[in-house]
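S.K.: Here it is, the structure, as structure tokens.
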Amino acid sequence: MLASRALLSWLPGLIQTGVFSVKAAGAVVAKLQHAEDSWMREWSNALSKEQIEGLLESTLHALHHSQDEGQTIPSSVSSVAALGTVALHLLSIASLPRERVTQLRGVLVAGLARGCSTWRSVHRDRMLSSLLSCFESFRGDSSVNTTPVLKLLSQQPTLHNQQRLTIFAALHAVESGQRHAAVTAANWVTHALHHMNQGKPLAQFFDRFHPDHAPHLVVLPDTKLNDNGELMVGQVRGSVAVYPNRGGKYYYEMVLPPNYSDRQKTIVMGWGSKLHEVQGSSQHVGSDFHSWGFNGRNRIRLLTGEQEIAVPHNTVSGDVIGSLLDLERKQMCWSINGELLQWVDIPLQGDGEPIYPYVSASVDPHFVLVLLNETQYLPEGFTEFTSNLDDPNLREASTTAPPQSFTFYKELTSLVNELSNSGLRIEELVVVRDVEVDAATPLPVDPATDYVDRSIALLPQYPHICNYLLGALDSIRGTTTPSDCEEEEVQRIREVTLRSLSRCDLDATIIPYLRHLFCLNAMSTVVAKRTDLIRDSPFLWGLYHQARDLLFFSARWALIDVHLSRKLNRSGDRRPLVVTIDRRRAMSIAETKRSLPPTTIAPLPANVVDDVLRHSVVGQMFQGMTGKEVYTYLTMFTVQLQDNITEDAGGVTRSMLSLLCDELMWSYPQQQQQSTVVAPTTDDEEEEERMEPQQAAAIITMSGGKVEPVVPLFIPTDHSTYFNLVPNMKWLATLTTEQEALAMQLYEWLGKLFGNAVLAGTLVYALNFPRLIWKFLAREEATMEDFYADCSDSDRGAINDDDFLLSDEDFYRLPGVRQHHMAAHDQAAATASLMHDDEDDEHDGELVSSDADLVDTPTSPVPGGGEGSGMSEVVRQRIASARRLAASQGLLHQYDKVLEKIRSGFESVVPAAAVEQMRWDDVRQRVSGSDGVTAADILANMDMTSLSASMQAQLTQVVNALAPPARSALLLFATGQRRLPVPEKIRVTCGDDPNELPTAHTCSPISMMLQPYRSTTEFIEKLSLSLAHVYEFGFV
């Protein structure tokens, strides 16, 4: 290696001095055993254009000549790999026309591919690495002739680098015939992102995709996988169903692990319906009436019983167990290394019920390999769960929809995620139920998922989608905007056009792109289980990271849950921790706190601070959980209310956590007032029932000024539009050392609660935080644009105002500036260093040299001008720039002391691998749910099937007219939480006594009982009274 390094480093000098001719230098390079780019760093400066081109030609000739000699010893492998590295470097520095570079790249690929196809696999992998380096440098240049690799990609055995090369080859439209699902899925993901980045149309495959095209394993609860996604403990299911009434013969396999000789290790493979997951997912396959399984040894499980069958030999590690399902004869069978065992009849419960492959196992620390396709012993006449992702017809043809940019698809993803918060199920819009249906034909959907109104409201946030829609609608409707219109008129026409969107308009224009995203989500989910294929390639890994930005919430959480499930403890045999809450004591603390001036005006007395931190609901819950390692459990704790016999089955916990959020959240008080009915005076109840919802329902309002919470750990931002909370740094500064330490522990504890919300997905915290905090938890870098977006929009003007920044009084008033003055000092020093080189302005140089710290030295007022007006414009701009950086850093990092504590608690619960997969909006959605609950949201989460039609209409009428705070109160009343998603639908029933108030049961099964009220007015009055006492357990 040292000799190769020395020769490559000295080669330009040897050529320049005439020791070697260019041709001779090529022959010498052909003898090298190693080559690295860093050894050739000086070539571009030391060699002439003609010498580089000559050496490149000589090197490529030597590369092909070495293959003609047919040498197969390892040194030849090293020589060819080194030649490839040198040739690739020369191509990168040669000043050649693009067409010539493309041609020579093809020559290089052909030479390396030829070597790969002749050497044994142990040496072939080294050559594949050289080819991968070539493809990496091409960056998806599809004009390069890469067909010489086709033969190489189909060679057996398939090597790891060979699979990765297949993905690159797909970008060049080279059909490899590779059948591995993860490789094929990676092909499609890279294809899609590459074409989006280049503005090219996607392949027709993205129009025609159906979930059954990409069979994969679905991980069930309580399941542990290894890092490559193979089953260790728990249960997995195939994603594709088969149907008894459609017939067919199906097959899949598993490979027994090394520790299978241990009789305590168990594996059961078989088939079942989804009812097995509902009734027996914690049990092995075959343990209930809805599944059938074979234990891999000599027993089958049918109808909760077992029967012994004959096997040719005892199974051992490495044996392949196959499972056969014959729906023509309604029988199933298993095989060992291809040898069939006994056929048994299937006791089907219903001909149309879909059946899935299931495997359950307990083989930790090893794993069982489950193969839905690429099986070894596929019986004749049977079908494995093969993907048809490789259909060449779908790759060659393009989508009918016009090509769009990556930014367009990213905006569309964000729009869909916003809509999904309102109950939209994307698969109902985009799944092609019959592959013969034309992809452009809109499919009927459930009216409950109608997304038009919500889409129109959100569209202004997405300019690329708006621009496309306006152009597409002009084309569809045959309209155009006059060219002589003023800008204001053009904007008005745009707004009117967008507001006039219909369901048909959106179906015709947006649905095709939703299908593309739906397909990309499915493919990315498959790739996520084999990221080793692309992780070592910066180009492919970059495309995959782009794909992650196009994932819907559901797809992202499917990936994240793989990591979360390994840490979540669902243990049902553990008795949960019981936390006792004294509501009277907490209410007394709250009354005392509210009787005092806000902390923004005067510090709280020390004894009140102690009471707030220890005896509020926040404080009591914190003390009850201190020192208890409960945060990784599905159920952290249950609540016991002091002097109350209420039993907690989930609802009391949710209610107390909602009260906890109330104690932290700044709010507007709810006035217990009489409901007002906006309606004409009438004594006719039937007439009253026919009124419009806006007239007939109560306006249950929340009024009054902003109220400081009981526990002032957070304070509102000063954003003009959004109401968000940030750590209350000013209040912390007023605390004693002991009180501050306790407050910091509370912040860390809140981080653990948020971690449990992410891990378990069962609790929601009604707290509004800006993206600055969510990005901190997700370890994403926050920017000033993030700060302006939902922390403070008023600071944008200050940061961009040089006069403001040059005023010491104004500058040091910005939060966080003094704490981060060292960063500003460093920037100022760098600026000063640059300014010393300015020979054109001696005065500037004198000013800087006399001011060691541009930021911290006050500027001097000059007659007739503001602060600093006596200095030159260049100096003003440089000082302002330094201060702008210091101010930005101060604003972005002013809360770091507290956020570090919250993140410490969060990451003690959430696995690092899961955090790595998350985006900030994933964390926000999981922790704090969906704010701004709509009437449609509440109605969609109610089961009203037991109500009469008239009662359903009356309830719908009332819910539709509730003000936003009242809708949250209704959700709190019924479920114990203010936000969606709720654990289950609210079952609404009706009693028989119109004098009773509405009641609710917040524990599972969640339910709400109404009464047959004589009028909408009476309904509203009764409901208003119940909502006013929402936290008073047993009030009714």
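The values are calculated or read from the model by the stated rules, or taken from the named source; none is laboratory data. All of these numbers come straight from a predicted model, not from anything done at the bench. No Cβ is skipped: glycine too gets one built from the backbone with ideal geometry, and neighbour counts run over all protein chains shown.
S.K.: Among the residues of region 509-523, are any of a type in the set (Lys, Arg) and at pLDDT below 85? Lay out the reasoning, then the answer.
M.R.: First, pick out the residues of region 509-523 that are of a type in the set (Lys, Arg): 515.
Checking the rest, the ones that are also at pLDDT below 85 come to none.
So far as region 509-523 goes, no, none of its residues is of a type in the set (Lys, Arg) and at pLDDT below 85.
S.K.: Being at pLDDT 85 or above and crowded, with 21+ Cβ neighbours inside 10 Å narrows it down to one residue among VAL578, VAL617; which is it?
M.R.: Only one candidate qualifies: VAL617.
S.K.: A further question on this structure: Condition first: assigned to a loop (DSSP other than H, G, I, E, B) and modelled with pLDDT of 70 or more. Can you find one or more residues in region 50-69 that meet it?
M.R.: Looking for residues that are assigned to a loop (DSSP other than H, G, I, E, B) and modelled with pLDDT of 70 or more, one finds none in region 50-69, hence no.
S.K.: Tell me yes or no: at least one residue of region 347-369 is within 20 Å of SER273 (Cα to Cα), assigned to a strand (DSSP E or B) and without any contact (Cβ under 8 Å) to a residue 60 or more places away in the chain.
M.R.: no
Each row is one residue, and each column tells you yes or no for (1) in contact with a Phe, Trp or Tyr (Cβ under 6 Å, 6 or more places away or on another chain); (2) in a strand (DSSP E or B); (3) modelled with pLDDT of 85 or more.
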| site | (1), (2), (3) |
| --- | --- |
| ASP222 | no, no, no |
| ASN228 | no, no, no |
| GLY234 | no, yes, yes |
| ARG237 | yes, yes, yes |
| GLU253 | no, yes, yes |
| ASN259 | no, no, no |
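S.K.: Go through LEU458, LEU412 for me and flag whichever is modelled with pLDDT of 80 or more and closer than 22 Å to GLN204 by Cα.
M.R.: Just a single option satisfies the conditions, and that option is LEU412.
S.K.: Could you check region 571-607 and list, in sequence order, the residues that are over 14 Å from LEU659 (Cα atoms) and of a type in the set (D, E, K, R)?
M.R.: Result: ASP573, ARG574, ARG575, GLU591, LYS593, ARG594.
S.K.: Moving on to the next point. From the list ASN421, ASN388, ASN417, which one is modelled with pLDDT under 90 and either under 30 Å from GLY247 (Cβ atoms) or not assigned by TED's automatic domain parsing to the domain that holds ALA472 (or both)?
M.R.: ASN388
S.K.: Another question, if that's okay. Given the conditions (1) at pLDDT 90 or above; (2) of a type in the set (A, V, I, L, M, F, W, C); (3) assigned to a loop (DSSP other than H, G, I, E, B), and given that MET1008 satisfies all but one, which numbered condition is not satisfied?
M.R.: (3)
S.K.: Scan region 902-921 residue by residue and report those that are crowded, with 17+ Cβ neighbours inside 10 Å and either out of contact with any Leu (no Cβ under 9 Å at 6 or more places or on another chain) or without any contact (Cβ under 8 Å) to a residue 40 or more places away in the chain (or both).
M.R.: ASP921
S.K.: Let me ask another. Look through region 26-48, keep the residues that are part of a helix (DSSP H, G or I) and within 13 Å of GLN16 (Cα to Cα), and return whichever of them is modelled with the highest pLDDT.
M.R.: To start, the set of residues in region 26-48 that are part of a helix (DSSP H, G or I) comprises 26-29, 37-40, 43-46.
Remaining after also requiring within 13 Å of GLN16 (Cα to Cα): 43, 45-46.
On the way: TRP43: 79, ASN45: 74, ALA46: 75.
This residue is TRP43.
S.K.: Can you tell me how many residues in region 805-831 are aliphatic (A, V, I, L, M), modelled with pLDDT of 85 or more and over 38 Å from the mean Cα position of the chain (by Cα)?
M.R.: Here the count works out to 2.
S.K.: Give the residue that is surrounded by the most Cβ atoms within 10 Å (Cβ to Cβ), with candidates limited to residues of region 1-19 that are of a type outside the set (A, V, I, L, M, F, W, C) and under 18 Å from SER38 (Cα atoms). Show your work before the answer.
M.R.: Here is the first cut: in region 1-19, the residues of a type outside the set (A, V, I, L, M, F, W, C) are 4-5, 9, 12-13, 16-18.
Filter again for under 18 Å from SER38 (Cα atoms), leaving 4-5, 9, 12-13.
Numbers: SER4: 18, ARG5: 15, SER9: 15, PRO12: 21, GLY13: 12.
Restricting to residues being of a type outside the set (A, V, I, L, M, F, W, C) and under 18 Å from SER38 (Cα atoms), the top hit is PRO12.
S.K.: Are any residues in region 922-962 in contact with a helix residue (DSSP H, G or I) (Cβ under 6 Å, 6 or more places away or on another chain) and charged (D, E, K, R), and if so, which ones?
M.R.: Within region 922-962, ASP922, ARG924, ARG926 qualify.
S.K.: How many residues are touching a Phe, Trp or Tyr at 6+ places or on another chain (Cβ under 8 Å), surrounded by 14 or more Cβ atoms within 10 Å (Cβ to Cβ) and not in a strand (DSSP E or B) if we restrict to region 320-339?
M.R.: 2
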